[in-house]
Amino acid sequence: MNQTAKVVGLISGGRQFPVLVARGVKDAGHRLVVVGFKGHTNPEVYPLADVSCELKLGQLAKLLDFFKENKVEEAMMAGSINKPGVMDIRHLDARAVKLIFSLKGKGDDAILRAFTTLLESESITVVPPQAYAPGLMTPPGVLGRRAPDEREWSDLRAGAAMARELGRLDIGQCVVLREGIVAAVEALEGTDAAIKRGCELAGAGCVVVKVVKPGQEERADLPSVGLDTVRLMAKAGATCLGVEAGRSLFFDLESTVAFADKAGIALVGLEGLGNAAPSS
């Protein structure tokens, strides 16, 4: 028996990340308590749980009660959620309404930071989900066969600076640009929609840049990319992706690099403050 076993709560969204985290929790010998959301959570996570429940978005009081009933000691959030659904006041319970309207800002990071503070006020320690799914952090440097050309390096540097300013305002994490001209910035709609819109407006050859927001609550939300991102870029005509190294999640790295190599897309793990190009 694991003498250090804990009760770990997982607030699960969609895609593969929550499944990887859930497996990590069980492999570590802990009891897993999962809260999912109808229409958002990857159903593959539920069979991995010792106990689970499915709620509607905004049922904050029920989530807290479920965690307390199951004596959750440690909690984390993993997976994608439809952000407009979170902000639909018609679906928020009184506890969620109180949380939302107590905030000065209503951006992702402000909401997640307030939520983590609320969990910890209930004596539940919030931990980064990547602690249970190691090996997902983006490595630094050029990741595939093709390095960016001079114009793409310039767009990577400019895009990283712009994305940081976007993040400083707690708007989004991603910028799509070409020749230094911003075609799209990520907001409530998410990265995929920003890529589609940016490439439709600017045409082939767009550069996609995604970085951590300054001061971001990294236990609750990190930038993430993967094979689906690069497939979408190839379809839309984007030619280069830069994502912050060491602080962003990169899913299916090996298969994504292989796909990017075939598609002629450059992949870069950005270091420092986004000064991606090596000094000459």
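Tabulated results
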{"quantity": "Whichever residue in the range 109-157 is at pLDDT below 95 and of a type in the set (Asp, Glu) and, among such residues, is farthest from Leu241 (Cα to Cα)", "calculated": "Glu122"}
{"quantity": "Breaking point among (1) under 28 Å from Val33 (Cα atoms); (2) in contact with a helix residue (DSSP H, G or I) (Cβ under 6 Å, 6 or more places away or on another chain); (3) at pLDDT 70 or above, for Asp93", "calculated": "(3)"}
{"quantity": "Selection status of Gly105, part of a loop (DSSP other than H, G, I, E, B) and at pLDDT 65 or above", "calculated": "no"}
{"quantity": "Number of the exception - Leu57 against (1) closer than 21 Å to Glu120 by Cβ; (2) part of a loop (DSSP other than H, G, I, E, B); (3) among the aliphatic types (A, V, I, L, M)", "calculated": "(1)"}
{"quantity": "From the options Gly190, Gly203, Gly167, residue that is under 21 Å from Gly237 (Cα atoms), free of Cβ contacts under 8 Å to residues at least 60 places away in the same chain, among the small types (Gly, Ala, Ser) and out of contact with any Cys (no Cβ under 7 Å at 6 or more places or on another chain)", "calculated": "Gly203"}
{"quantity": "Single condition Arg164 does not satisfy, out of (1) of a type outside the set (Gly, Ala, Ser); (2) modelled with pLDDT under 95; (3) farther than 14 Å from Pro223 by Cβ", "calculated": "(3)"}
{"quantity": "Selection from the range 136-174 of residues that are buried (at least 20 other Cβ atoms within 10 Å of the Cβ) and hydroxyl-bearing (Ser, Thr, Tyr)", "calculated": "Thr138"}
{"quantity": "Residue list for the range 233-256, restricted to those being surrounded by fewer than 18 Cβ atoms within 10 Å (Cβ to Cβ) and out of contact with any Cys (no Cβ under 9 Å at 6 or more places or on another chain)", "calculated": "Ala234, Gly246, Arg247, Asp252, Glu254, Ser255"}
{"quantity": "Subset of the range 16-49 (residues that are buried (at least 23 other Cβ atoms within 10 Å of the Cβ) and either polar (S, T, N, Q) or in the same structural domain as Thr229 (by TED's automatic domain parsing) (or both))", "calculated": "Thr41"}
{"quantity": "Exclusive hit being in contact with a strand residue (DSSP E or B) (Cβ under 9 Å, 6 or more places away or on another chain) and not in a helix (DSSP H, G or I), set Leu119, Leu177, Leu166", "calculated": "Leu177"}
{"quantity": "Residues of the range 1-23 that turn out to be more than 14 Å from Pro47 (Cα to Cα) and among the small types (Gly, Ala, Ser), as a count", "calculated": "4"}
{"quantity": "Any pair with Cβ under 6 angstrom, 6 or more apart, that starts in the range 44-65 at a residue that is farther than 18 Å from Gly79 by Cβ and ends at one that is in a helix (DSSP H, G or I) and of a type outside the set (Val, Ile, Thr)", "calculated": "Ala61/Arg95"}
{"quantity": "Some residue of the range 30-43 being in contact with a Pro (Cβ under 9 Å, 6 or more places away or on another chain), closer than 20 Å to Val127 by Cα and part of a helix (DSSP H, G or I)", "calculated": "no"}
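The values are calculated or read from the model by the stated rules, or taken from the named source; none is laboratory data. In this text, all values refer to a predicted model and were calculated from it rather than measured experimentally. Don't worry about glycine lacking a Cβ; one is built from the backbone with ideal geometry, like all the others, and counts go over all protein chains shown.
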